[in-house]
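A short worksheet on the structure shown next.
The values are calculated or read from the model by the stated rules, or taken from the named source; none is laboratory data. Remember, it's a predicted structure, so these values are computed and weren't measured experimentally. Here the Cβ positions follow ideal geometry from the backbone for every residue, glycine too, while neighbour counts run over all protein chains shown. Each accessible area value is taken on the protein alone, full model and side chains, heavy atoms only, with ligands, DNA and RNA left out. Shrake-Rupley method; radii C 1.70, N 1.55, O 1.52, S 1.80 Å.
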Amino acid sequence: CVFLLRLSYTLDNNVLTTEQRQFYEDNGYLLIKKLVSDEDIERFRKEFVRICKKEVKPPGAMIMKNESLRSQYGQSEKVVNKVQDFQEDKELFRYCTLPEV
């Protein structure tokens, strides 16, 4: 029995395994542990919190909240489920330019 693998969203190269490619095809995301250093993750997390608390206000950034969590977490970053259009925040946007990513 020959199995023909048809993957539409990833390239056939040596970067991802077939299993990783299939997971991405099935789920729309891929988790690669330890791809980014713990130090960088902590820096990005701190900047995310600063944006959520409005200590910094990158031009054009939009903070989206899950209002159903407000009674549990108040105004903390735990109610924020997305920050988009953050390209003007140099620290957070640095994540997008990491060679690993």
Area accessible to solvent at I41, 1.4 Å probe radius, in Å²: 80 Å²
Tell me, what ³J(HN,Hα) does each residue in segment 64-77 have, in order and in whole Hz, if you take phi through Karplus 6.51 cos²θ - 1.76 cosθ + 1.60 with θ = phi - 60° and put x for Gly and Pro? 10, 10, 9, 4, 5, 8, 4, 5, 7, 10, x, 9, 6, 5
Just to confirm the filter: which GluC sites (Glu not before Pro) across the chain are DSSP coil and have at most 13 other Cβ within 10 angstrom of their Cβ? E55, E88, E100
Computed FRET value (nearest 0.05) for L69 with C96, which takes r as the C-beta separation and R₀ as 25 Å: 0.40
Out of V56, V36, V15, any idea which swings most in a Gaussian network model of the chain, alpha carbons joined below 10 Å? V15
Segment E42-S8, length gained on full extension (0.36 nm per residue, minus Cα span): 8.9 nm
Based on Cβ point charges of +1 for Lys and Arg and -1 for Asp and Glu, what charge dipole magnitude is obtained for the chain about its Cα centre, in debye rounded to the nearest 20? 420 debye
Helix axis angle, 18-27 relative to the chain longest principal axis, alpha carbon, degrees: 50 degrees
Dipole of the chain, positive end: most advanced residue of L92, S71, S37 [Cβ charges, Cα centre]: S71
In whole percent, the fraction of accessible protein surface over the chain that belongs to carbon or sulfur atoms, probe radius 1.4 Å, stands at 52 percent
Most mobile of R45, R21, R70 per a Gaussian network model of the chain (Cα springs, under 10 Å)? R21
Angle, helix 38-52 long axis vs. longest principal axis of the chain, Cα atoms, 0 to 90°, nearest 10? 50 degrees
So for segment 8-101, what are the equivalent ellipsoid semi-axes in whole Å, largest first, each being the square root of 5 times an eigenvalue of the Cα gyration tensor? 29, 17, 13
With runs of 4+ DSSP H residues as the only contributors, calculate the mean residue ellipticity of the chain at 222 nm using -39,500 (n - 2.57) per run, divided by the residue total and rounded to the nearest 500. -9000 deg cm²/dmol
Length gained if K82 through V15 is fully extended, taking 0.36 nm per residue and subtracting the Cα-Cα distance, is 21.3 nm
Dipole magnitude of segment 38-97, debye to nearest 20 (Cβ charges: Lys/Arg +1, Asp/Glu -1, about Cα centre): 280 debye
Can you give me the accessible area per residue for the chain, using a 1.4 Å probe, in Å²? 80 Å²
